[in-house]
Every structure is written in C-alpha cells, then in structure tokens.
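These notes are about the structure you will find just below.
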Amino acid sequence: MSEAAAKKAAAPVLAALGLGDARLDAKQVLGAYRVVRADPLVGGLPTYGWSTSVHVAADGTVGNGSGQLVEPAAGPEYPVVGAEEALKRLNAERAGGGPAAGIGGCATPGPLTEGKPAEGRPAEGRPAEGKPAAPCEPESGAPVPAEVVKVTGAEFGLAVHSLEGRPALVPSWLFTTESKPGAPGSTVVHPAVAPEYLKSAAERSPAPPATSVPSPPDASKLPETSIRAVESYAVAKDGRTLTLRFWGGVCSTYSAEAEETGTEVKVKIIVSRPDPGRVCILIAKELTEKVTLDEPLGDRTVVDTESGDAVPRR
C-alpha cells in the first residue's frame, strides 16, 4: 500500500470525523498496515501531538484508528514571543542539561563495622578477593555534549502540553530540524508563551502582577449548556408538532425550542449537563425532541439556529 493510496483509503473516515482539511502523513508502516496520521487545524493553526491515526491494510480496508473525538474549546489569550526568542529559550534549556544520565550509577563500598568491611564486602577502593574490579567508573558530573541540529524552518501553531494533568493545546513554535544533510528531518516544539502561564494553579503566584493574564476559569463552575445542530425534522398530522433529529451524548439532557415568524421557524436543541463532573463515555447517538408551534408550519422554512442553514424535512 503506497502512501498516496493509504491516504485515499483513509480520507472518508477522516472526513466523517471532521478532519478533511488535516495535514496527512503516511510514512509509518506497522506490520501489514500503513498508518495515516492526521494533524488537524485548530483555529486555523497547525497542531502537534493532537493527531488521529488510521491504519490501512494492504487491500485498502481500514483496520483501526485512534485519536481525539472532542474538539478543543478556545481558552484565554496570552502574549506570545517570536520564533527567534523561542529558539533562544529552547537552546538555553538544552544547554543546561546537567550530568550524564546513567542506569543506577556505580556501586559504592558498604559501610564499615568497627573499622572492618562489612561481611562479604570488599574494603573501600579494593575489589573482593578473587573477583575482578567492576567495569564501572564513577561519573564525573560533566554534562553530556548537546547534539547540534540545524533548524530549517519555523511555524507558529499549537502543541499539546499537560496542564494540571490534562492535555491542552498551547501556542507554540514548531521547528523543523535536520541532524545530518539528507537525513529525515524531525519537529522540535517549544511553547511561545511565558513559562509562568503554564504552571499549575498550585504553582502560580498567589498575587500575580496586574499585567498578567488571568488563569483559565474552572470548567466545573461554568454553566454546562450549549446548542446542538438539528439534522432533520418531521411534521405530525396536526401540522404543528415538529420532531427534530440530532446527534447527542449519553450523559446530557436535551430540550427543543422554536421561534416563529411569518416565513420561517427557527429551531434549536438546548443541551445541558446536570452533572458536569461526571466521567462520561464519548459516544454519540441519534436522538429526537419534539416542539409544538403556535401555528401550523405550512410552507414556512425550518432553520437551524446553530448553523443558520435550512433543515431538511424527512
């Protein structure tokens, strides 16, 4: 299965997930499957770490996939820095790498008991009798030389960062790099916002300066209501009762409303989460809600308030 063929086979699935405009990469192969990775655009910006992967078999069938089903919600705005400043911060962090990392380090002599080595242990600086010295040298503490890579491009986007244990898309610079000429490049990301904005609530200063950007509001205290798009409708024999069809979740409650004029009827589905803190499975199912009009529908157009589009009758 070529990369182009795999992307074509995965296209209907990605389109159904709303990822028709995502950037695709199909270089990875896992056994008999080629992996098509889709990096979506969020708010018009490219993303890194928010991928959806679809596995395509040699015969073109989609085997499985994984990724994010929830569209991220916009958060507060923060001041950002340019690519050069972000690269300076990245280099400064990498330069302070610290001592070389080992696995457990070298063994040290056991404690002395009344001036003698502990039973079964050699005296300090000497191997046990009849045993060779361990092939291990204590680490000097010298930092590991940093690998130098060439930055070939920079793009402003959103990269996944853990904030208080939850993934969030943070404004970042996506640097494309190459370690050797002709070798496959890689992407290195660095936040474009100041580090203090990425701290958890416990780490933030209790009295931030007046010019600082406020932290995001506690989602658990926000009203859990929204509007759901209407897919289609049906009219009862009385001409006044509309059955609205839409997609919804299993943990929310729904109600329907209508606003009438002489030429159209605007309908909407109100969604509420009675228990916003409850963990809920991310699955959608087709639902219906009924709304009763003041006057028969007649030849008036039914319009979805959420999208502004006319709703098809079925």
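A few points about this structure:
- Considering region 217-244, the residues that are open to solvent by 70 Å² or more (accessible area, probe 1.4 Å) and either part of a strand (DSSP E or B) or more than 23 Å from ARG314 (Cβ to Cβ) (or both) include one that is modelled with the highest pLDDT, namely ARG228.
- Breaking point among (1) at negative phi; (2) surrounded by 13 or more Cβ atoms within 10 Å (Cβ to Cβ), for LEU30: (2)
- In region 56-71 there is at least one residue that is open to solvent by 70 Å² or more (accessible area, probe 1.4 Å), under 14 Å from the mean Cα position of the chain (by Cα) and among the acidic types (Asp, Glu).
- Matching residues, region 169-196, being hydrophobic (A, V, I, L, M, F, W, C) and modelled with pLDDT under 85: ALA183, ALA194
- Members of region 267-304 that are farther than 18 Å from ALA234 by Cβ and either modelled with pLDDT of 90 or more or assigned to a loop (DSSP other than H, G, I, E, B) (or both): ARG273, PRO274, ASP275, PRO276, GLY277, ARG278, VAL279, CYS280, ILE281, LEU282, ILE283, ASP294
- Highlighted here are the strands (runs of 3 or more DSSP E) found entirely within region 1-53 that include at least 1 residues which are over 18 Å from GLY185 (Cα atoms) and touching a strand residue (DSSP E or B) at 6+ places or on another chain (Cβ under 7 Å): 33-39, 45-48.
- Remark: pairs (first residue in region 1-25, open to solvent by 60 Å² or more (accessible area, probe 1.4 Å); second residue of a type in the set (Ser, Thr, Tyr); Cβ separation under 8 Å; 6+ apart in sequence or on different chains) = LEU17/THR52.
The values are calculated or read from the model by the stated rules, or taken from the named source; none is laboratory data. Bear in mind that the values here come from a model prediction, so they are computed numbers and not experimental data. In this analysis, Cβ positions are derived from the backbone assuming ideal geometry, glycine residues included, and neighbour counts consider all displayed protein chains. Note: accessible area is taken over every heavy atom of the protein model, side chains too, but ligands, DNA and RNA are not part of it. Shrake-Rupley method; radii C 1.70, N 1.55, O 1.52, S 1.80 Å.
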